[in-house]
Amino acid sequence: MKFLKPILSLAITVALVVFLNKSWNFGSPIPPLGKFLDPFHGFWKNAKTSEVENESISLSGLTDKVSIVYDSALIPHIYAANDNDLFAAQGYITAKNRLWQMEFQTHAAGGRLSEIVGKAALDFDRTQRRLGMVYAAENAAESMESNRIAKAMVESYTKGVNAYIQSLDYEALPIEYKLLGYEPELWTNLKSGLLLKYMAKTLNMGEKDLEMTNALKLFGKETLDLLYPDHEGVGDPIVDNTGNWKFNPVTLDSLPLAEPTELIAIQPMEKVSHEIGSNNWAVSGSKTATGSPILCNDPHLELNLPSIWYVVHLSAPGINTMGASLPGSPNVISGFNDSIAWGVTNAQRDLVDWFKIEFKDKNKNEYLSDGQWKPTRKVIEKIQLKGEKAFYDTVIYTHHGPVVFDERFHGESEKNHYAFRWIAHDPSEEVIAFYKLNRAKNHADYMEALDHYGSPAQNFVFACVDGDIAMRIQGKYPVRRKNEGKFVLDGTKTSNDWHAFIPNEHNIAYKNPERGFVSSANQYPVDQSYPYYINASNWEEYRNRRINKILTELNQIKPIDLMKLQLDNFNLKASESLPTFLSYIDSTQLKGAEAIAFQKLSKWDYYNNKESEGASYYEAWIRAFVPMVWDEISSSKVALPRPATYMTIRLMKEKPDLSFFDIIETPEKETVKEVIRKSFSESVAVIEKWKEEKKGDPTWADYKDGYVGHLLRQEAFSYHIKHGGNGSIVNAHSKSNGPSWRMVVSLEKSGIQAWGVYPGGQSGNPGSPFYNNLLDLWTEGNYVKFIFTADVSKMKEKELAVITLNPIAK
Amino acid sequence: MKFLIQVLITIAICFLIQTFLPWWTMAIGSLAIGYGMGNKGGVSFAAGFIGVGVLWFGMAYFIDQTTHSILTEKVNKLLPLNSFVLTTLIGGLVGGFAALTGALLKQK
């Protein structure tokens, strides 16, 4: 019996240790507490100061020494002796600062989030697998590996990332790994492919083919063209080259398509926000104070931490470039070098189609194509669930692509199966395009580099120290017949397939236009004389007009003027709708809060500045008005597309008696007047409630409540910010979307001057002062002046720390 | 007096062990010291608890001070208890039970 006590005590000790060494889930997940709280190795060790230590590290596979000089913003300036060492160093330093994010995003891209967060992510993961994200990334990785330059580049990058991963012990792991109780796996070329496809998905998946098919059936062709025109014909196209498209377009000789007459009860996937878009422009030297061109870019994406962008400077013989890179992918994506600058906005184009598939029987081994049964290919997707047994999903592939919707996934019955055709499934070599852009010296080099670019289609703005400015809308686009791609397609006839692609030399592009600037803001791309049919799920109608107006008016432009334009808060949408709204309100009848609201709105200058209250009242009003108009659409049993707000406002002015203005749940017959009146009262009530809850005035920044959220939606690592702007405004910052990177480059012959900022920080570590050091700058509308020199010795006084990578002596 | 000595030795030895080895190895250290000191069960538990608790608190406090609480404030929002309290408690509990086990093994 005398052994009982010590044994019992030992058992408790061991049980405690085991318990505290494991993650648990009691309703909410609990990290392995002993490991996590241990101040020698746990989360405490992730806390850092702004002092960064010099390091000297051996990295196998390097041929020469690489110096990585951090400047005071923790931007790495990488000086290498050759390309391979350069990309290994880019991989290493990016992983050192952003490893968790890189892996998390590629897990998300490849449908593997359930491994980390459990069953909650299963539907998301299945969607990713069924969209063929891995299939697309495999094709991308394969084409990278078949190109000599791409292969060396990606392999070096991967080697650098893995050298960092292999150097890690528990103490050095990013805090998210410690919190969730898992460890990083080795990086692969496939992961770099996945990351690019994830971006492509974000930019291509605003599509609404299923919803448009339902709308066609329910509303008929005439209403469809009224509510959802191919383009609204407002503002300037990105490229106006009327009468100068001097080529013979590729045409398809097959019959025009039969339009579908079906209703589809499938619940479509969650759409990407329409607030994702971007601005870019370049002004020619004739309009600037220095006589040199200035180029600007601000891509609008969901604003997260760690940020989607990581600023790097890459320098080696033959290359000296700087700008925003995507963690997980080599090269600079939006940036400049000694000779040129370039930037990107999304080209919007429809690059996604859905083909209805007819299977021979339930086994789905064969499907109908031109009267014959063709074999399918089945891929079994294993989705590992955290702490549970794996989930298996069989995805059927046809020649179109994977069958996303069927009776086992978001389907309605065994009848409707839709295969997914997406341009990003095709092999392509974007890494080569960026490799060459990073090294381009002039317009001809830029054009040649872009010939390698496939997807997601982008508006590439360009400027050069020799004075050229240009725009090219580059991507791989299927040649389409009129209306093709707007609705679901009959997958049993190969005549409906994508048969040809627009040749690169027919793509929309121009150089040095007379107006002295080029610009793009996701609007309709081209004048009416361009010989190919173009459509998209949406075009931008406001930002582009404001940008072009300002750029037309400005002369003797300085970089600061264009920073102001990037931060311009003028609400063109409000200026075109609020006067009509107000004209329907009889202000003599208003009392209390409504009278005050009316007054604030009448006096508002249409600027969504931080302190503006008018902006909040307007936003609340339009948010109440639009759904009230389209109640027929949101209450429909099948999914229908919501018309663009621009169209809603135009119809309000031009067709006040349109039947859609009737509110279906009331017995009365409403017109625009009643909807405006009703939505006004509703919006004022919303603001009053807000005021009561927040105990303050509804200034725009407070009402909007800007939010930059950690990728895990972990409140402790996220920030609320006060910033002006909104969707459809040049400063396109809505609650959680907006300018994810702002860049201004002055291409002076005496040396490039460049500024940039993004809402985040160079370090992905929430315990580092560099986690959010750029966020405040961004919020205040400030920029970092970049240090850009190919001469490492000039970095001496500007360095925060130097990391030296040494080859391992043989 | 023997109590105080056990506390101090626990702090010193566990500091050394933990500098190089995973967190749970401090339990082995605390157990061995508990055995070596031969205090009564309750005294040994208290010495182990306070020894490792003070060590963990001290280390955490040092990091917190040198990094201006940059991460402590964030992690406090994540955990059900203040991270200092939780760190001290968890370190202390494991250290205490290990020291108790050591003392009981000697007494048998």
Next item on the list: Can you tell me which residue among A:A163, A:A121 is among the small types (G, A, S), at negative phi and at pLDDT below 95?
Entry: A:A121
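Considering every residue within region B:78-96, establish whether at least one is of a type in the set (V, I, T), in contact with a helix residue (DSSP H, G or I) (Cβ under 6 Å, 6 or more places away or on another chain), more than 8 Å from chain A (Cβ to nearest Cβ) and touching a residue at least 60 places away in the same chain (Cβ under 8 Å). Talk me through it step by step, then tell me what you get.
Keep residues of region B:78-96 that are of a type in the set (V, I, T), which gives B:85, B:87-88, B:90, B:94.
Adding the requirement that they be in contact with a helix residue (DSSP H, G or I) (Cβ under 6 Å, 6 or more places away or on another chain) leaves B:87-88, B:90, B:94.
Those still in the list that are more than 8 Å from chain A (Cβ to nearest Cβ) too: B:88.
This time we only want the ones that are touching a residue at least 60 places away in the same chain (Cβ under 8 Å), so: none.
Checked against the condition, which is being of a type in the set (V, I, T), in contact with a helix residue (DSSP H, G or I) (Cβ under 6 Å, 6 or more places away or on another chain), more than 8 Å from chain A (Cβ to nearest Cβ) and touching a residue at least 60 places away in the same chain (Cβ under 8 Å), region B:78-96 yields no hits at all.
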Checklist line | Subset of region A:542-575 [among the acidic types (D, E), assigned to a helix (DSSP H, G or I) and either under 23 Å from the mean Cα position of the chain (by Cα) or buried (at least 18 other Cβ atoms within 10 Å of the Cβ) (or both)] | finding: A:D561
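Among the candidates A:A440, A:A419, A:A457, A:A463, single out the residue that is farther than 24 Å from A:F517 by Cα and either in contact with a strand residue (DSSP E or B) (Cβ under 8 Å, 6 or more places away or on another chain) or modelled with pLDDT under 95 (or both).
Details: A:A440 fails: farther than 24 Å from A:F517 by Cα; A:A457 fails: farther than 24 Å from A:F517 by Cα; A:A463 fails: farther than 24 Å from A:F517 by Cα.
Residue meeting the stated conditions: A:A419.
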Next item on the list: Identify all residues within region A:728-753 that are crowded, with 22+ Cβ neighbours inside 10 Å, in contact with an Asp or Glu (Cβ under 8 Å, 6 or more places away or on another chain), within 27 Å of A:G764 (Cβ to Cβ) and not polar (S, T, N, Q); write none if there are none.
Entry: A:A732, A:G738, A:P739, A:W741, A:R742, A:M743
Next item on the list: Could you grab me the full set of residues in region A:192-203 that are of a type outside the set (A, V, I, L, M, F, W, C) and surrounded by fewer than 24 Cβ atoms within 10 Å (Cβ to Cβ)?
Entry: A:Y198, A:K201, A:T202
Notebook entry, point to check: Based on what the data block shows, is A:N773 assigned to a loop (DSSP other than H, G, I, E, B), polar (S, T, N, Q) and either away from chain B (no Cβ under 14 Å) or without any contact (Cβ under 8 Å) to a residue 40 or more places away in the chain (or both)?
Noted result: no
Checklist line | Residues (more than 12 Å from chain A (Cβ to nearest Cβ), within 15 Å of B:G91 (Cα to Cα), surrounded by 17 or more Cβ atoms within 10 Å (Cβ to Cβ) and hydrophobic (A, V, I, L, M, F, W, C)) located in region B:1-46 | finding: B:V7, B:I11, B:I13, B:A46
Next item on the list: Scan region A:718-748 for residues that are closer than 13 Å to A:A341 by Cα and not small (G, A, S) and report the count.
Entry: 5
Item checked: Per-region count, region A:606-648, residues closer than 21 Å to A:E262 by Cβ, within 26 Å of the chain's Cα centre (by Cα) and aliphatic (A, V, I, L, M) -> 2
Margin query: I need the full set of residues from region A:103-128 which are surrounded by 24 or more Cβ atoms within 10 Å (Cβ to Cβ) and under 14 Å from A:D393 (Cα atoms), in order please.
Written below: A:G111, A:D125, A:Q128
Notebook entry, point to check: Tally time: how many residues in region A:702-715 are within 13 Å of chain B (Cβ to nearest Cβ) and surrounded by 16 or more Cβ atoms within 10 Å (Cβ to Cβ)?
Noted result: 3
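Restricting the search to region A:507-522, which residues are outside any strand (DSSP E or B) and either surrounded by fewer than 23 Cβ atoms within 10 Å (Cβ to Cβ) or not aliphatic (A, V, I, L, M) (or both)? So that I can check it myself, show each step before the final result.
At the first step, the residues of region A:507-522 found to be outside any strand (DSSP E or B) are A:507-508, A:512-516, A:521-522.
A:N507, A:N512, A:P513, A:E514, A:R515, A:G516, A:N522 - these are the residues of region A:507-522 that are outside any strand (DSSP E or B) and either surrounded by fewer than 23 Cβ atoms within 10 Å (Cβ to Cβ) or not aliphatic (A, V, I, L, M) (or both).
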Check: Residues that are modelled with pLDDT of 95 or more and under 30 Å from A:A521 (Cβ atoms): which strands (runs of 3 or more DSSP E) entirely in region A:311-414 hold 2 or more of them?
Finding: A:319-325, A:334-337, A:340-346
Notebook entry, point to check: Tally time: how many residues in region A:625-664 are touching a residue at least 60 places away in the same chain (Cβ under 8 Å), of a type in the set (A, V, I, L, M, F, W, C) and surrounded by fewer than 16 Cβ atoms within 10 Å (Cβ to Cβ)?
Noted result: 0
Notebook entry, point to check: Only one of A:K178, A:K119, A:K159 is within 14 Å of chain B (Cβ to nearest Cβ) and in contact (Cβ under 8 Å) with a residue 24 or more places away in the chain; which?
Noted result: A:K178
Margin query: Among the residues of region B:47-61, what is the count of those that are under 14 Å from B:F97 (Cα atoms) and either touching a strand residue (DSSP E or B) at 6+ places or on another chain (Cβ under 9 Å) or within 14 Å of another protein chain (Cβ to nearest Cβ) (or both)?
Written below: 4
Note to self: Out of the strands (runs of 3 or more DSSP E) lying entirely within region A:1-111, which hold 3 or more residues that are in contact (Cβ under 8 Å) with a residue 24 or more places away in the chain and away from chain B (no Cβ under 14 Å)?
What the structure shows: A:55-58, A:66-70, A:76-79
Next item on the list: Filter region A:481-501 for residues that are surrounded by fewer than 19 Cβ atoms within 10 Å (Cβ to Cβ) and assigned to a helix (DSSP H, G or I) and give the result.
Entry: A:T494, A:S495
Notebook entry, point to check: Tell me, which residue of region A:232-267 that is touching a Pro at 6+ places or on another chain (Cβ under 9 Å) and closer than 30 Å to A:R642 by Cβ is surrounded by the fewest Cβ atoms within 10 Å (Cβ to Cβ)?
Noted result: A:D240
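The values are calculated or read from the model by the stated rules, or taken from the named source; none is laboratory data. On a predicted model such as this, the values are computed, not experimentally measured, just so you know. Using ideal geometry, Cβ is built from the backbone for each residue, glycine included, and neighbour counts are taken over all protein chains shown.
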